[in-house]
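The values are calculated or read from the model by the stated rules, or taken from the named source; none is laboratory data. Given the structure is predicted, the values throughout are model-derived calculations rather than measurements. When we count neighbours, we look across all protein chains shown, and the Cβ atoms used for this are built from the backbone with ideal geometry, even at glycine. Quick note on the areas: whole protein, heavy atoms, side chains included, nothing else; ligands and nucleic acids left out. Shrake-Rupley method; radii C 1.70, N 1.55, O 1.52, S 1.80 Å.
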Amino acid sequence: MQHILDKALRQGRSVTGLGEVASYIPELSKADKNHVGVCVMDSVGGCFEAGDVEERFTIQSISKVVSLAVALELYGMEAVFGQIGMEPSGDAFNSIVKLAGDASRPYNPMVNSGAIAVASFIAPELTFDEMLERTREMCGDPDIVLNEAVYHSEMATTSRNRAISYLLESKGVLRCGVDEALELYIKMCSLNVTARSLAYLGLLLANGGIRLQDGKQLLQPETVRVVKSIMHTCGMYDGSGEFAVRVGVPTKSGVGGGLLSVVNKRMGIGIFGPSLDKKGNSIAGEKILQFLSAQMKLHVFD
Ligand code: GLN
């Protein structure tokens with residue numbers, strides 16, 4: 001395993017020059033695009049790592065997985081999906097097109113519109129500190145904190161998410177005010193994680209919501225099943241279809257360079273690689289997952 005991972009890391013490193021770090025959130029442009037790290041945690045307690053696995057970066061859109069899980073635990077599937085769709089949008093993560101047209105609700109919880117709606121479900125019930133605590137628990141990482149610099153940088157430049165939020169409000173989708181929903185959404189995106197924290201979360205999902213270390217059920221099996229399905233169909237935005245065919249491992253990306261992957265019943269994989277492709281997915285991360293999937297037969301249909 002360690003040998004495969006070292007090889008995967010080399011493959012990942014070889015493509016970092018082909019992408020760019022995100023810059024539409026100014027603070028993110030400070031990332032070093034050569035960083036690459038991968039961590040695999042398996043269902044028998046093994047943990048394998050290569051590269052920059054201790055580097056902290058903001059979780060960004062991968063927080064959509066945490067928030068969806070929490071919303072499902074709070075309200076159940078029918079209530080959440082009564083307001084938010086389950087279909088891949090085929091559009092960019094921050095697209096406003098369908099919402100500005102006649103769509104009455106967001107396409108799915110993995111695009112910004114859907115995740116802001118999810119945040120508006122949570123905000124009346126849980127504070128940001130409570131969400132932070134849940135994130136730490138789900139990631140097995142007590143050191144996760146809010147990255148204030150990234151949070152303020154995004155808050156100051158988030159006109160597009162604000163526009164999306166007002167459209168959601170106009171369509172009666174939000175369950176709290178625009179400012180409240182946006183604040184929770186962007187704070188959740190600004191949590192500092194590592195590839196290791198993501199691998200831990202991946203393993204929790206792979207393991208049906210049961211924490212391997214002590215057998216505690218942290219998430220209900222139904223929640224985890226829904227979350228993994230949505231990751232598989234919508235987790236890589238408008239690259240989700242191709243990724244599902246080529247790699248076949250339910251994965252969620254974030255513009256901080258993170259990837260969270262779940263190999264059902266077998267392992268969680270966390271990757272950090274801030275050099276992104278045009279769709280906002282980690283370019284090294286995709287390469288690494290393609291390699292690991294082929295080498296270890298991880299595709300859901302293998
Ligand atoms: N916070 C980011 C945004 O709203 C998250 C996007 C992403 O990771 N794709 O634009």
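3J(HN,Hα) couplings calculated from phi for region 5-20 with the Karplus curve 6.51 cos²θ - 1.76 cosθ + 1.60 (θ = phi - 60°) are, in sequence order, 5, 4, 5, 4, 4, 4, 4, x, 4, 5, 10, 4, x, 7, x, 9 Hz; Gly and Pro show x.
Share of carbon and sulfur in the accessible area of the chain stands at 50%, probe radius 1.4 Å. Dipole magnitude for region 100-157: about 280 debye, using +1 per Lys or Arg Cβ and -1 per Asp or Glu Cβ, origin at the Cα centre. Taking Lys and Arg as +1 and Asp and Glu as -1, the other residues whose beta-carbon sits under 12 Å from that of MET296 total +1. Treating region 71-114 as a set of equal point scatterers at the Cα positions, no solvent, please give the Debye-formula log₁₀ I(q)/I(0) at q = 0.17, 0.22, 0.26 Å⁻¹. Taking Cα atoms of region 71-114 as identical point scatterers yields -0.45, -0.70, -0.89.
Considering only PRO106, PRO142, PRO250, the Gaussian network model of the chain with Cα springs below 10 Å gives its largest mean-square fluctuation to PRO142. For region 288-297, 3J(HN,Hα) computed residue by residue from phi via the Karplus equation (6.51, -1.76, 1.60; θ = phi - 60°) reads 4, 5, 4, 5, 4, 4, 5, 5, 10, 6 Hz, glycine and proline entered as x. Per residue, region 172-230 exposes an accessible area of 34 Å² to a 1.4 Å probe, with every protein chain left in place. Stretching VAL300 away from ASP32 to a fully extended chain increases their span by 93.2 nm, per 0.36 nm per residue minus the current alpha-carbon distance. Over the Cα atoms of the chain, the radius of gyration divided by the Kirkwood radius equals 0.94; this is the Rg/Rh ratio. Extension gain, SER43 to MET86, is 12.6 nm, computed as 0.36 nm per intervening residue step minus the present C-alpha separation. Charge tally for LYS228 (other residues, Cβ to Cβ under 14 Å; Lys, Arg +1; Asp, Glu -1): +4.
Compute the longest continuous run of the chain that contains no exposed GluC sites (Glu not before Pro); treat a site as exposed when its DSSP state is not H, G, I, E or B and it has at most 15 other Cβ atoms within 10 Å. It works out to 126-302. Would you mind computing, in nm to one decimal, how far apart the modelled labels at GLN217 and THR127 are, each placed 7 Å from Cα along Cα→Cβ? Rounded to a tenth, the inter-label distance reads 2.9 nm. Using a Gaussian network model of the chain in which every pair of alpha carbons under 10 angstrom is joined by a spring, one finds that among ALA100, ALA119, ALA181 the greatest mean-square fluctuation is at ALA100. Accessible area per residue for region 129-170, computed on protein heavy atoms with a 1.4 Å probe, is 50 Å². Between LYS279 and any residue 5 or more places off or on another chain, the built amide H atoms are never under 5 Å apart. Once you divide the Cα radius of gyration of region 1-123 by 2.2 N^0.38 Å, the number left is 1.33.
Mean-square fluctuations from a GNM of the chain, with a 10 angstrom spring cutoff on Cα atoms, peak among SER261, SER170, SER240 at SER170. Shown in residue order for region 272-285 are the 3J(HN,Hα) couplings computed by the Karplus curve 6.51 cos²θ - 1.76 cosθ + 1.60 at θ = phi - 60°: 10, x, x, 6, 10, 7, 5, 8, x, 9, 4, 6, 5, x Hz (x for Gly and Pro).
Any idea of the accessible area per residue across region 33-114, 1.4 Å probe, to the nearest Å²?
Per-residue accessible area for region 33-114 comes out at 37 Å².
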